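The values are calculated or read from the model by the stated rules, or taken from the named source; none is laboratory data. Please read all numbers here as calculations on a predicted model, not as lab measurements. Cβ placement follows ideal geometry from the backbone for every residue including glycine, while neighbour counts extend to all protein chains displayed. Quick note on the areas: whole protein, heavy atoms, side chains included, nothing else; ligands and nucleic acids left out. Shrake-Rupley method; radii C 1.70, N 1.55, O 1.52, S 1.80 Å.
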Amino acid sequence: MALIKSISGIRGTIGGKPGESLTPVDIVKFSAAYGTWIRKTGVAAAKVVLGRDARKSGPEVASLVTTTLRRLGITVVDLGLATTPTVELAVTGLAASGGIIITASHNPGQWNALKLLNEKGEFLSAQDGNEVLMIAAMEDYCFAGIGEEGEYIEDNSWHKKHIDMVAGLGLVDRKAIADAGFTVALDCVNSVGGIILPQLLTSLGVKKVVGINMEPDGIFAHNPEPLPENLTEIMKKVVEEKADLAFVVDPDVDRLAIVCEDGSYFGEEYTLVAVSDYVLRHTKGNTVSNMSSTMALGMTTREHGCDYFSAPVGEVNVVTEMKLREAVIGGEGNGGVIYPASHYGRDALVGIALFLTHLAKSGKNCSALRATYPDLFIAKNKVEIEGGTDFFSITQKIKKHYAGVNIDERDGLKVDLGDRWIHIRKSNTEPIIRIYTEAANEREANLLANEVITIVKI
């Protein structure tokens, strides 16, 4: 069993003992802390938007969250089954005080979580998140009496509003998509993508949609993280149906992976690269991704005569850097596309619409489009460390070994070797160090990783 508290919310496995896993006690405690933080912002008529993915535990968690917030005098607007970006858009669209998304994202079905949003529909800053954690630790909240509870409102209109927003973006060309006559396959891992994505594709003019794992029953047909080893079924489906490509999303639809017409994996890292390439062809400006994402984005950005910037890992950090740099596109290498012209949140619907327009206008098939981007490889390793091991001393050894090169210490240690890089980070929840390396191919990335692992273990 596990329970992880962070500035962005609380995440854990359902059942077990309070404080050790995600139990009703923990859900109420954390919801009350968030609601108290909302009330401290001084909003007279506080309102929180609520949405959830299709996990089996979702209705129970939603009920606990709703009751807790209402007993704090907060109105709850319940979207029901909704994607993370849909909830984010609804927060601003309804002028709400914040939002809670009940989803454990790519984690397996026994997990669930509360993702917390501010009034901008964005994840909490470190300062705000720490304040919520402090309120929870001190149990510093006070519930309303009879007749003082907040309202409960159901609102099922936001799927259509989200789709209309995406279809109406200036760089989304529905005519080009329709003229291409695409057949698109989908794998929605039996969650909310199965509701909204077929509607989106129809709205965009896609000729034919074929899907697997579309029923939003929360029984995930495979590990829900959209990595190639989990996508063998959709890879076969694309070829069998002679589809032009397939889109794969995680349970809350903020990550987007693509499978080409020949069943090959486009590469989750390259979702953002391809979408950014299309955006930069029409809107010159800066790009941003996190420090563990592929350097192919920087290479593509510079080909357009624009500047690339990195940010520490975490969506809130990427968004902060994007605003600072006035980036026109950004996100994370896990398939998370953030397009400020829509909103500052990872949104697979936006990614799908922009990618389909790019593919239609390119005149290429999906695998040929992928071949136009750098073919790099990221190796992801981890090393267990003994209790009490000083991460600082490890970083000093690595800095000494790679003396004279560009080193970034904003998030662990990032070593820039020009055509290769190393990023090491200490886990906040496990006694491990994560070691990411990128190079021209798998062999070189692994050799670089082994070099670092040797240094770490000395």
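Here are a few things to note about the model shown:
- Accessible-area order (highest first, 1.4 angstrom probe) of the listed residues Tyr270, Tyr141: Tyr141, Tyr270
- The antiparallel fraction among DSSP beta bridges confined to the chain stands at about 60%.
- Residues Ala126 and Glu384, FRET efficiency given R0 of 30 Å [Cβ-Cβ distance, rounded to 0.05]: 0.65
- Charge dipole (the chain, unit charges on Cβ, about Cα centre) - positive-most of Ala311, Ile102, Ser8: Ala311
- Put a dot 7 Å past the Cα of Gln199, heading toward its Cβ, do the same for Ala167, and the two dots end up 1.1 nm apart.
- Counted by Cβ distance under 13 Å from Leu413, the other residues give a net charge of +4, where Lys and Arg count +1 and Asp and Glu count -1.
- Backbone HN-Hα couplings from phi across region 53-67 [Karplus 6.51/-1.76/1.60, Hz, Gly and Pro as x]: 7, 8, 4, 4, 7, x, x, 5, 5, 4, 4, 5, 5, 4, 4
- Two-site FRET efficiency, Lys323 against Glu240, from Cβ-Cβ distance with R₀ of 45 Å, rounded to 0.05: 0.55
- Cα centroid separation, region 121-166 to region 41-96 (Å): 6
- Inter-centroid distance (Cα atoms) of region 240-267 relative to region 173-212, Å: 11
- Relative contact order, whole percent, for region 1-73 stands at 25, derived from Cα pairs under 8 Å and 6 or more residues apart.
- Amide H contacts for Ala311 (H built 1.01 Å from N in the peptide plane; partners 5 or more residues away or on another chain; cut-off under 5 Å): Ser289, Asn290, Met291.
- Each Lys or Arg adds one and each Asp or Glu takes one away; over the other residues whose Cβ falls under 13 Å from the Cβ of Ile219, this sums to -1.
- Over region 196-304, relative contact order from alpha-carbon pairs under 8 Å, at least 6 apart, %: 16
- Computed magnitude of the charge dipole of region 302-399 (debye, nearest 20; Cβ of K, R +1, Cβ of D, E -1): 300
- Taking label positions 7 Å along the Cα-Cβ direction at both Leu227 and Ala95, the computed distance is 4.5 nm, reported to one decimal.
- The share of accessible area on the chain that comes from carbon and sulfur is 50 percent, using a 1.4 angstrom probe.
- Value at 222 nm in deg cm²/dmol, rounded to 500, when DSSP H runs of n ≥ 4 in the chain each add -39,500 (n - 2.57): -11500 deg cm²/dmol
- One chain, two ends: Leu447 and Asp179. Fully extended at 0.36 nm per residue, the span grows by 91.8 nm beyond their Cα-Cα distance.
- Stretchable slack from Asp262 to Arg410, in nm (0.36 nm times residue separation minus alpha-carbon distance): 49.3 nm
- Protection proxy ranking, peptides 23-30, 72-79, 225-232, average beta carbon neighbours within 10 Å, highest first: 72-79, 23-30, 225-232
- Taking the Cα centre of region 36-149 as reference, the dipole from Cβ charges on Lys and Arg (+1) and Asp and Glu (-1) amounts to some 200 debye.
- Estimated dipole of the chain in Debye, rounded to 20 [Cβ of Lys and Arg +1, of Asp and Glu -1, Cα centre]: 380
- Charge sum, other residues only, whose C-beta stays under 9 Å from Leu89's C-beta, Lys/Arg counted +1 and Asp/Glu -1: -1
- Ordering Phe377, His358, Ala348 by Cα displacement along the dipole of region 300-444 toward the positive end leaves His358 in first place; charges were set at the Cβ atoms of Lys, Arg (+1) and Asp, Glu (-1).
- For region 44-94, the residue among Thr83, Leu64, Ala45 whose Cα projects farthest onto the positive side of the dipole built from Cβ charges is Leu64.
- Segment Ser157-Lys399, length gained on full extension (0.36 nm per residue, minus Cα span): 81.8 nm
- By definition, a body whose alpha carbon gyration tensor gives a ≥ b ≥ c is rounded when a/c is under 1.5, and region 44-159 falls into this rounded group.
- Among the cysteines of the chain, those whose beta-carbon sits 4.7 Å or more from every other cysteine beta-carbon are Cys142, Cys188, Cys306.
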